[in-house]
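A short reminder: the numbers here are calculations on the coordinates, not readings from a lab. The model shown is predicted, which means the values in this text are computed figures rather than measured ones. Reconstructed Cβ throughout: ideal geometry from the backbone, glycine too, with neighbour counts over all protein chains shown.
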Amino acid sequence: MEGAAIAVTSTKELTRCAANSIVRHISYLFCCKRNVKDLQKKVQTDLLKFEEDVKRKVNFSRDNGDVIHKVVDRWIEKVKKVQGKVVELQRQAGEIKSCCKGWCFAHYRLGKESKKKIVIVDELLIEGRHFDSVATRAPVPP
């Protein structure tokens, strides 16, 4: 009897995992517009404003002759790269509206890419919030 209970439990767990995966993939297709809008909003309202704050601190530090942390410079480069990819996704989303050919595949791909980029933007925001400072004092010449 115990073996049957384990088999039923395993089957239920397998079915639940498969259903979750199917629902996630279907949501990429049908929630494409929402995913792209959510990404655009997150980038514009959160990431770009945060980037402006960091750049302002970086510029102030550079003006004072301080040395900018390499991790901050890399973070700014990552933000630029993500911004470019988001602009490209938005362009592609606009093209899909005007073209029915390949609609399903294109919506699926855009929905999936948008979800991935949202996760990347969230990671960049978390990483950026960990900056205690953006620079260190330049060494005083002897």
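Just a few scattered comments:
- One decimal place: the segment Gln92-Asp132 gains 10.6 nm when fully extended, by the rule 0.36 nm per residue minus the C-alpha distance.
- With neighbour counts taken as other beta-carbon atoms within 10 Å, the residues Cys104, Cys32 rank, fewest first, as Cys104, Cys32.
- FRET efficiency, 1/(1 + (r/R0)^6) with R0 22 Å, evaluated for Ile120 and Cys31 via beta carbons: 0.75
- Extending 7 Å from the Cα toward the beta-carbon at both Phe50 and Asn64 defines two label points whose distance is 2.3 nm.
- Kirkwood hydrodynamic radius over Cα pairs of region 31-136, then Stokes diffusion coefficient at 37 °C and 0.692 mPa s, in µm²/s: 219 µm²/s
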